[in-house]
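Read-outs: derived from the displayed coordinates by stated rules, not from any lab. The model shown is predicted, which means the values in this text are computed figures rather than measured ones. Cβ atoms come from the backbone with ideal geometry, glycine included; neighbour counts cover every protein chain shown.
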Amino acid sequence: MNRSPEDRAENARADAPERSSPDQGQLHAGLAIEGNLRGRGDLRIEGVMRGSITIEGTVSIGPQAQVTAPIRARRVDVGGEVVGNIEATHVGVRSGGWVSGDVRASTIAIDDGATLEGLIDMDVEPSGRAGAGARRSR
């Protein structure tokens, strides 16, 4: 029997275990998702994700996680592997973390032992990219 996406989403919500924080989702180790994630709150990824991620809160990539997706969020913390561009207010790449993609953020922290392969654009306002007249001369 084919069910509509709304029916599948409603059943997934009904079957989901209760969490201590209703605003935090988690993709556990050993799980893989392919698709587009959008939403509010925070997301922690410990498994494998392919697609795209747009979250209004924080996206945390655990040390064993493998993410192949562009990520847009308020904050992104990478302890595992990300292949894709990242756009956020703050991006942190932790020791052992690896990012292959361009990063646009107001602040970026790259710990010793972390790897970032891509361009960095820190001339970004939280609400979006500054106009051409607002860019500083280099």
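Structure above, values below:
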item: Enumeration of residues in region 63-74 that are surrounded by fewer than 19 Cβ atoms within 10 Å (Cβ to Cβ) and either in contact with a strand residue (DSSP E or B) (Cβ under 7 Å, 6 or more places away or on another chain) or of a type in the set (Gly, Ala, Ser) (or both); result: GLN66, THR68, PRO70, ARG72, ARG74
item: Matching residues, region 75-92, being crowded, with 19+ Cβ neighbours inside 10 Å and farther than 13 Å from THR54 by Cα; result: ASP77, VAL78, GLY79, GLY80, GLU81, VAL82, VAL91, GLY92
item: Pairs with Cβ under 6 Å, 6+ apart, first in region 95-114 and touching a residue at least 60 places away in the same chain (Cβ under 8 Å), second surrounded by 15 or more Cβ atoms within 10 Å (Cβ to Cβ) and among the β-branched types (Val, Ile, Thr); result: none
item: Residues of region 99-117 that turn out to be crowded, with 16+ Cβ neighbours inside 10 Å and either of a type in the set (D, E, K, R) or within 14 Å of ASP77 (Cα to Cα) (or both), as a count; result: 9
